[in-house]
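The values are calculated or read from the model by the stated rules, or taken from the named source; none is laboratory data. Only a predicted model underlies this, so the values are computations on that prediction, with no experimental measurement involved. Cβ coordinates were reconstructed from backbone atoms using ideal geometry, including for glycine residues, and neighbour counts include every protein chain displayed.
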Amino acid sequence: SPGFGSTANSFMDFVNVDQDAECKYGPFKLNRLRDHETGAFSLHHSRMSYARGRIRKGEELFNNYGDMWFKQRQYKMGVIPVSKDHARAESLYKKFSEKLLSKYEKSNLSSVMQ
């Protein structure tokens with residue numbers, strides 16, 4: 001589906017659309033000044049997309065751009081966590097949550113004791 005990839009965002013933990021890895025690429029000889037249809041299609045053709053499950057009306061489409069897509073754009077977007085960073089982030093979040101909950105429980109306990 002030419003151009004479909006641009007409609008789906010990438011959020012690696014919420015991927016609900018898969019795309020074929022292979023697609024045809026055709027650098028057609030269109031001139032952006034002369035050919036008005038130039039911006040209306042993608043140079044990537046014959047790409048097929050599949051829903052991983054049911055996608056309800058109004059739900060956002062998420063596919064996986066892949067780690068390299070983000071790494072190649074660090075100059076523009078800054079450093080963005082990629083797949084290998086998710087496990088560490090989950091671990092840090094868990095530790096933070098436990099400390100926060102522990103602190104909250106202690107403060108509630110002391111206020112109940114007063």
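Residues are listed down the side, and each one gets a yes or a no for (1) surrounded by 10 or more Cβ atoms within 10 Å (Cβ to Cβ); (2) at pLDDT below 75; (3) at negative phi:
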site	(1), (2), (3)
20	yes, yes, yes
29	no, yes, yes
47	yes, yes, yes
79	no, no, yes
86	yes, no, yes
98	yes, no, yes
102	yes, no, yes
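Hey, does the stretch 52-60 have a residue that's at pLDDT below 90, outside any loop (DSSP other than H, G, I, E, B) and within 15 Å of residue 9 (Cβ to Cβ)?
no
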